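The values are calculated or read from the model by the stated rules, or taken from the named source; none is laboratory data. A quick note: this is a predicted structure, and the numbers were derived from the prediction, not measured. Glycine gets a Cβ as well: all are built from the backbone with ideal geometry, and neighbour counts include every protein chain shown. Note: areas computed on protein heavy atoms with side chains; ligands, DNA, RNA excluded. Shrake-Rupley method; radii C 1.70, N 1.55, O 1.52, S 1.80 Å.
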Amino acid sequence: MNASYHHPVLIVAVPLAFAVFCPILGIWKRRLCFTWSLIGLAATAFFTWTLVGRVPPGKPVVYSVGGWSAPWGIQLRVDYFGLFAACAVTGIGIILFVYYFRFMGRDLKADRIPYCCALYLLSIAGMLGFCVTGDLFSLFIFMEVFSIASYALVAVTGETHALQAAFKYLLVGVTSSATFVLAIGLLYSVVGSLDMRDVSLRLKTMDSRFVPVSVIALVLFLVALSAKSAVFPLHWWFPDAAGTAFDPESSLLSSLVLAMGVFGVFRILFSLYAPGFSGVSAWWRYTSSALAWIAAFSIVAFAAKAVFQRDLKYMAAYSALSQAGVALLGITVLSPHGTAGSFYAVLACACGGGCLFLVAGAFMYKHGIRRIADLRGLGRTMPVTAGAFALASLSVLGVPFTVGYNAKELLLRACFDKGLYVFAAALLLGTALAAVYLGRVAHVMFASSGSRFRGIDEAPATVYGTAALLSLGAVIIGVLSPHITPALRLAARIIFSK
Amino acid sequence: MSLSGTSHNLNYAAAVLLFLIGIYAVTARPNPVKKVMGLVIMETAVFLFLVSLGLVGGGEARVVTPGFRASTLVNPVPQVIVFIGIVIAAGTVALALSMCVRIYREQDDLDHLRTTGTDGP
Amino acid sequence: MKKAAIVLLLLGAGLLLLVAVSKMPRMGDSGSPDKTYMVDRYVARGAVEAGDYNVPNDVLLNYRAFDSMGCAVVLFTAFCAVLAILGRAKRGRSHAAIDVSPVSSGMIPMTVVQLLVPVTILFAAYVLFAGHDSFGYSLQAGLLISGTIILITLVFSLLESTKRLRTGVITFLESLSVLAFLVVGLLGIFLQGRFLSFSFPGLHGDAMQAVRLIMMVVIGLGIGIATAVIFTSTLLSLMREEGHELERDIA
């Protein structure tokens with residue numbers, strides 16, 4: 001039993017423990033809530049990142065909670081991709097939480113702050129549980145944890161538009177969760193197990209008259225997760241939710257929550273219905289291709305919609321939808337390069353897309369500006385923030401040395417490998433449109449004439465610092481990628497060879 | 001693809017019907033409280049589906065005393081799923097209703113909400 | 001027009017689901033996959049391995065205790081969410097609208113409630129601990145208690161029911177279910193087992209059963225109390241009317 005033996009469960013238990021004490025701390029000394037939560041996030045990051053290196057591709061770390069082995073008990077199964085996602089969640093989670101600090105003080109009533117901190121920690125805990133669990137019902141429960149926390153965090157300012165957007169989000173979210181449980185029931189009735197790996201093994205030897213049931217369950221799972229990752233046509237909750245939410249939460253929504261939805265699709269397609277199971281594999285391919293076409297369409301359609309937005313946050317929202325489409329395309333293209341590329345795309349969406357919201361929030365915080373037309377000249381007045389915007393844009397566009405480049409390169413290779421030239425064209429078209437809408441904002445921001453701003457008037461340090469950090473992160477991961485990509489591609493190849 | 005198998009799976013078919021009614025209420029009704037009712041109907045339908053899964057013909061739902069024959073006990077796993085699901089549903093409905101309360105405080109008439117569209121406030 | 005489109009889509013989805021339903025194993029068939037694989041062990045060895053004669057209870061509290069912890073976490077999350085949106089009902093404040101109780105507080109309702117409440121709470125206590133040998137579970141007990149408190153609120157007044165406990169105590173009690181799971185779980189790690197394991201190396205027979213029972217009772221108590229307080233606070237927050245009271249923060 002080595003030192004990191006219990007880490008898989010501590011990854012989930014630690015943020016929960018910190019979250020549970022937040023309201024109590026709020027009664028006693030409210031000022032400590034933020035620091036307390038930050039310590040909790042740091043501890044969680046410690047337990048997550050110390051597992052790096054202990055999880056080689058293809059050999060997951062398995063932890064049986066309560067000592068009962070699967071399928072009678074719940075097993076946490078930290079595989080390479082789960083750990084990748086968990087590290088992204090904790091890393092980005094801390095950066096975003098620092099950004100929360102100024103906004104919580106300004107936008108929220110004082111007695112709500114401890115609950116806001118608790119909800120943030122709970123959403124991180126839920127996402128981490130989602131990444132590490134090996135049990136299907138456990139997956140659902142953790143999905144509910146971070147979803148419920150998100151519904152509330154969108155509405156927490158109490159502003160009318162945010163409330164209605166949060167309510168819409170809740171309706172879509174709960175409907176999709178109910179569909180997910182229905183799918184669990186359908187699958188359980190023909191397989192008899194709830195552990196994901198066990199189900200994938202039993203699907204291979206399942207009685208053939210039950211095949212339609214498992215296929216329909218697959219379709220239901222994917223529909224439910226498509227709603228969670230805002231895939232066309234179930235995307236309509238997202239622009240309002242991200243566009244009107246409490247500013248830091250918009251960023252969390254677009255970077256991590258959508259990423260979890262895409263990761264969920266990965267789990268269903270590859271861990272639950274593993275490739276190579278008999279009888280259902282043809283249907284597995286058909287549903288994946290259908291989803292791939294939808295993803296390709298959404299890449300282009302949402303990028304086009306972003307071009308016509310007048311409001312900065314709504315533009316960032318449609319941009320995030322387009323990038324989530326890129327990640328989804330990578331998974332549903334069904335090639336090892338595609339899967340590896342989609343994980344990079346998730347990071348690109350989280351760092352680049354999330355940073356766009358942080359920048360928009362900074363402009364809101366300092367000058368109360370939402371419309372793009374009003375941004376004229378702001379680039380010179382808030383140079384660091386504008387610089388972060390520029391870096392994030394480069395990552396979204398896929399300029400070399402950013403993580404966006406790694407994503408697009410791997411995805412294009414996957415498309416060409418499989419002869420899916422239409423998807424490659426969709427990717428390139430999406431990038432071109434991104435250049436248009438991002439370039440337009442940059443042009444307005446750095447315009448030299450007609451500006452009503454004078455001098456340098458930056459946002460507070462935690463605001464521009466976190467925006468800069470997140471956009472730098474996209475570049476740093478891009479630079480470090482030669483060390484990460486081999487393992488990622490190996491892990492992807494292993495999944496496909498099962 | 002015949003539907004003949006439905007006749008001995010009536011519970012499941014009824015659950016599916018209820019589920020669809022719930023979704024209809026969520027999507028087609030303008031009043032937020034009616035949408036929440038639709039959510040509850042939908043979730044109840046799913047629970048009905050799951051509990052019916054556990055049924056064993058001639059089985060009992062009883063306490064296991066020593067010397068008990070295993071084969072006639074009702075499947076406990078769907079009960080567990082439904083139990084946890086009910087708690088989750090209760091929490092979500094509470095949250096949904098609290099949002100309705102806040103919305104109601106700003107607009108007195110819930111049947112004709114002044115809604116916001118996409119593309120900015 | 002929009003409704004017609006929705007109905008059409010739902011009919012299509014319904015057809016798909018009915019196809020699935022028709023191909024599912026026959027309802028009540030005891031040979032179908034879901035009743036013969038995992039379940040055999042729960043039914044045959046559940047009472048001995050997990051310690052409860054009530055099989056679903058030992059699946060909930062022992063085999064799949066992590067999911068029950070998830071359940072407690074979801075409840076706590078939803079509760080934090082409601083409080084983040086609505087704010088807590090301030091203790092001891094008079095709310096203009098609700099203090100004139102919707103139920104007329106005549107002699108009969110008040111007397112009936114005063115007679116009923118002790119019985120209900122006793123029943124709730126029974127349900128809390130009955131899960132071991134009979135049917136019962138801590139969550140239902142918590143709901144019973146919170147229902148009782150709401151009854152008191154309706155028949156007497158909001159002022160009365162919020163006066164009893166300090167806000168700090170109430171806040172602590174709300175976190176109790178997740179705390180109980182975490183404490184027992186981490187104790188499991190410290191005692192050389194895994195998170196939430198109830199059997200440890202070096203403990204056999206009666207000692208093991210005693211330890212297991214204590215841990216499950218601790219969790220059960222935590223869930224019961226926390227559920228009671230959470231549902232009560234949620235309902236009180238929903239009843240609270242903003243704007244009728246001064247918005248002064250109680251630090």
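Values for this structure:
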item: Ordering of A:60-66, A:84-90 by packing [mean C-beta count within 10 Å, highest first]; result: A:84-90, A:60-66
item: Placed amide H near A:ASP195: partners under 5 Å, 5+ positions off or other chain; result: A:LEU136
item: Volume per residue of the C-alpha convex hull in segment A:161-228, rounded to whole Å³; result: 76
item: Which of A:LEU412, A:SER393, A:ALA373, positive extreme of dipole for segment A:354-449 (C-beta unit charges); result: A:ALA373
item: Residues in segment C:5-25 occluded by at least 40 Å² - accessible area, probe radius 1.4 Å, against chain by itself; result: C:ILE6, C:LEU10, C:LEU16, C:LEU17, C:LEU18, C:VAL19, C:ALA20, C:VAL21, C:SER22, C:LYS23, C:MET24, C:PRO25
item: Candidate residues A:ARG112, A:ARG371: accessible-area rank, largest first, probe 1.4 Å; result: A:ARG371, A:ARG112
item: Chain A: relative contact order as a whole-number percent, Cα under 8 Å and 6+ apart; result: 14
item: Relative counts (whole %) of C-alpha pair distances in segment A:255-323, using bins that are 5 Å wide; result: 4, 15, 19, 18, 16, 11, 9, 5, 3, 1, 0
item: Student exercise, the protein assembly as shown dipole from Lys, Arg, Asp, Glu Cβ charges, in Debye to nearest 20; result: 1360
item: Cα-centred dipole magnitude for chain A, charges only on beta-carbon of K, R (+1) and D, E (-1), debye, nearest 20; result: 480
item: Highest to lowest packing among C:227-239, B:11-23, A:320-332, C:24-36, scored as the average C-beta count within 10 Å; result: A:320-332, C:227-239, B:11-23, C:24-36
item: Averaged over B:29-39, number of beta-carbon atoms from partner chains that fall within 10 Å; result: 2
item: Segment A:124-210: relative contact order as a whole-number percent, Cα under 8 Å and 6+ apart; result: 28
item: Inter-site label distance for C:LEU165 and A:PHE496 at 7 Å from Cα along Cβ, in nm; result: 5.7
item: In nm, spacing of pseudo-spin labels at C:ILE121 and A:ALA435 (7 Å Cα→C-beta vector); result: 7.3
item: For segment A:29-168, the spread of Cα positions along each principal axis, largest first, Å; result: 47, 30, 25
item: Positive-pole candidate from A:VAL145, A:LEU252, A:SER200, dipole of chain A, charges at beta carbon; result: A:LEU252
item: Accessible surface ranking that places the most exposed of A:TRP283, A:TRP237 first, with a 1.4 angstrom probe; result: A:TRP283, A:TRP237
item: Helix A:7-28 vs. chain A, principal-axis angle (Cα, 0 to 90°, nearest 10); result: 40
item: Dipole-positive endmost among A:ILE216, A:SER177, A:SER229 within segment A:168-273 (Cβ charges, Cα centre); result: A:ILE216
item: Cα pair distances exceeding 13 angstrom across segment A:430-498, given as percent; result: 80
item: 1.4 Å probe accessible area per residue over chain A, in Å²; result: 29
item: Dimensions (Å) - chain A, Cα atoms, principal axes, largest first; result: 72, 58, 42
item: Label-point separation in nm, A:ALA373 to A:SER208, each point 7 Å along Cα→Cβ; result: 6.6
item: In Å, descending, principal axis extents of the Cα set of segment A:107-252; result: 58, 29, 18
item: Rounded FRET efficiency, nearest 0.05, which uses the C-beta distance separating A:ILE456 from C:ARG45 and R0 of 51 Å; result: 0.10
item: Value of relative contact order over segment A:198-353, rounded to a whole percent, pairs C-alpha under 8 Å and six or more apart; result: 27
item: Size of electric dipole in segment C:1-54: Cβ of Lys, Arg +1 and of Asp, Glu -1, about Cα centre, debye, nearest 20; result: 400
item: Alpha-carbon Rg with Dmax, taken over segment A:1-106, Å; result: 16.0, 49
item: At 1.567 mPa s and 4 °C, Stokes diffusion of the protein assembly as shown via Kirkwood alpha-carbon radius, µm² per second; result: 47
item: Cβ-defined net charge surrounding C:CYS80, 13 Å radius [Lys, Arg +1; Asp, Glu -1]; result: 0
item: Where Rh is the Kirkwood radius over Cα pairs, Rg/Rh for segment A:366-439; result: 1.13
item: Sequence-distant lysines (8 or more away, or on other chains) whose Cα lies within less than 23 Å of B:LYS34; result: A:LYS168, A:LYS228, C:LYS2, C:LYS3
item: Percent carbon-and-sulfur accessible area, the protein assembly as shown, ignoring ligands, DNA and RNA, probe 1.4 Å; result: 68
item: Solvent-accessible surface (1.4 angstrom probe) belonging to A:GLU458, in square angstrom, nearest 10; result: 30
item: Mean ellipticity per residue at 222 nm, deg cm²/dmol - from DSSP H runs of n ≥ 4 across the protein assembly as shown, formula -39500 (n - 2.57); result: -23500 deg cm²/dmol
item: Normalised per residue, the volume of the convex hull around the Cα set of chain C (Å³); result: 214
item: Other protein chain Cβ atoms within 10 Å, averaged over every residue that makes up B:10-18; result: 4
item: Kirkwood Rh in Å, taken over all unlike Cα pairs in segment A:109-176; result: 12.6
item: Summed buried accessible area for A+C [probe radius 1.4 Å, Å², rounded to 100]; result: 5300
item: Diffusion coefficient, µm² s⁻¹, Stokes-Einstein with Kirkwood Rh over alpha-carbon pairs of segment A:192-328 at 20 °C and 1.002 mPa s; result: 134
